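Remarks on the structure that follows.
Read the figures in this text as sums done on the coordinates, not as results from a lab. In this text, all values refer to a predicted model and were calculated from it rather than measured experimentally. Don't worry about glycine lacking a Cβ; one is built from the backbone with ideal geometry, like all the others, and counts go over all protein chains shown.
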Amino acid sequence: MAESASQGVLQLGACQLDLERGLLLRNGAAVPLRSKAFSLLSYLARNDGKVVTKSDLIAAVWGSIAVTEDSLTQAVRDIRKALDDSDQVILKAVPKRGYVLSAPCRKSSPASQPMVAVVPFEDGRAPGETSDPVIGAFADDVADRLARFHTVTILNRETALATFRQAQGQGPPIGVRPDYFVQGSVIRSGDQLKISAKLVDAQAGTLVWGESYTAAGPDLFAVQDEIAYRVVNRLVSNLEAAALRQAAGKPTQDLAAYELVTRAIVRFRGYRPDDNSEALNLLQAAISRDPDYGLAHAYLAVVELAIADYGSAPEDVIASCIERASLAVALEPDEPRCHRILAQARLAARDHEAAEHHMRRALDINPYDADTMMQMGHVLSLRGRPRDGLELMDRAIAANPLHAEWYHCDRALALYAARDYSAAATAMQRLPYGPRRWSVLAAALVRSGDRPGARECVMQIRKSNPGFSPVSHLLTSLEFERPEDSDHLVQGFKIAAQLLDETPSEAEELDPFWGADGEISEPALKARRVETDSGNAL
């Protein structure tokens, strides 16, 4: 008995037929198909593996409208062309009986992944002026870059324009209904380019986000490229936020795996004490729904790594995380976040060459993702190339100015390694405070000449968490490839810790067991409960 239309996605060669959403997709983009041909394909899909007679097909698709078999034959041709099924492997004709659809597998629907139509941007030139090819290509450029994120379904140019005309009450009706429109305008004046972009809720007609960008330079294509980076990253962040708002209103037990992973990512980016454990629970629930969900495995690996404190995690935990992240890459080899997380796991194992390889792979797949740019810069910094790393980090921040807080941490470490201590301290001060942050901040402040500030950081560590060992943390949790880079940071903290010797009575009152080298004596370790903070930046 055939499965119902609400039971998922049918894989048809290189295409996916999403019966629940009424879409035929190839590589995430909708494949145009006339309404009767799509109705015929859907009916066959509901009966896949079963021979359906021509008379039944005509009755199901055309109903009471009198048509000949020529209409059915033309619809079959349209389907085979859309599926690239010239050999008739997928849609087979059974002589003197009818047709049968042979689908190799059915898989779960991508839950609430939003469908986006990028509409050609308006040309700001006066009526009658020659159209600017740079302006005409901008929307296509944005659509191509958005598709790299694998978190949205991007309609192709023709379908996007048709859905937009339909929303305006123009043109024939089509079966595709996007969730969002990306619209905008481009005005070019000499070597200056002004681009306005906005994200519109296609159903409600309301503005979700809008922003304008102006840049100038002799290389107009470089200017356009830089603006496109910013537009795309802002669009992605707003689409993710909209998806989260939709998921938040549903009961947890009814969320699909995609929504569970979306919520887990948001929790993982937080700094509350239970964020990591809650993210872990959400990801485990996602995997129980879909054991082959590569991205869920990838994020579960990095959450487990964060809970175990990254580079200072036990070897068996790191090995387990590498194994799970490798599985994620095998399940979804074209998902850049899987490669990025495998790079983080390799970094924890101090396999710096492999870490850089997988991070570069992630950047190759999606060179427009600010998070990957930032983490690639972090890897380069840990490998002893902080200037190269900072160049990538600055580009990431320019592309995504409303970035996550962990950007400041990675940048602070790179600035410190580059001997820009004042800037490193400024970046670290933007993070939520805790012993891990105070350790790096103390080193940066003392080397920048702010001795009172550095001393205050050391005092705060001892007051808030006397069982925490800053030197041990700096040596084990930060995965520097070169010992001299690690020693440079550790020595900075030790200099800050020695400032308490200037007022020995106060230091003794705070912790009589704490040595000037920043380490804690054995009696203190036995007497106090060791606590850790839950942030993911360090």
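A few remarks follow.
- Derived scalar couplings between HN and Hα for region 479-489 equal 8, 5, 7, 9, x, 5, 6, 5, 4, 4, 6 Hz in order, rounded to whole Hz, by the Karplus curve 6.51 cos²θ - 1.76 cosθ + 1.60 (θ = phi - 60°), x for Gly and Pro.
- A simple rule links phi to the HN-Hα coupling: the Karplus curve 6.51 cos²θ - 1.76 cosθ + 1.60 with θ = phi - 60°, which for region 210-222 gives x, 7, 10, 9, 10, 8, 9, x, x, 8, 5, 5, 5 Hz, with x for Gly and Pro.
- Separation of alpha-carbon centers, region 344-383 and region 175-195, rounded to whole Å: 32
- Residues whose amide H comes within less than 5 Å of that of VAL208, counting only those at least five positions distant or on another chain, are LEU199, VAL200, ASP201 (H built at 1.01 Å from N in the peptide plane).
- Of LEU220, PRO172, ALA162, farthest towards positive along the dipole that unit charges on Lys, Arg, Asp, Glu beta carbons give region 115-221: PRO172
- Taken one residue at a time, the phi angles of region 89-97 give Karplus couplings (6.51, -1.76, 1.60, θ = phi - 60°) of 7, 8, 9, 9, 8, 9, x, 6, 10 Hz. Gly and Pro are set to x.
- Sorted ascending by nearby beta carbons within 10 Å, beginning with the fewest, TRP406, TRP438 become TRP406, TRP438.
- Kirkwood radius and radius of gyration were both taken over the C-alpha atoms of region 115-221, and their ratio Rg/Rh is 0.99.
- For region 288-370, the Kirkwood estimate of hydrodynamic radius, built from reciprocal distances between every pair of different alpha carbons, is 12.4 Å.
- Net +/- balance of residues flanking ASP275 in space, Cβ distance below 10 Å, scoring K and R +1, D and E -1: +1
- Which of ILE195, ILE495 has the fewest Cβ neighbours within 10 Å, and the rest in rising order: ILE495, ILE195
- Sorted ascending by nearby beta carbons within 10 Å, beginning with the fewest, HIS150, HIS357, HIS297 become HIS357, HIS150, HIS297.
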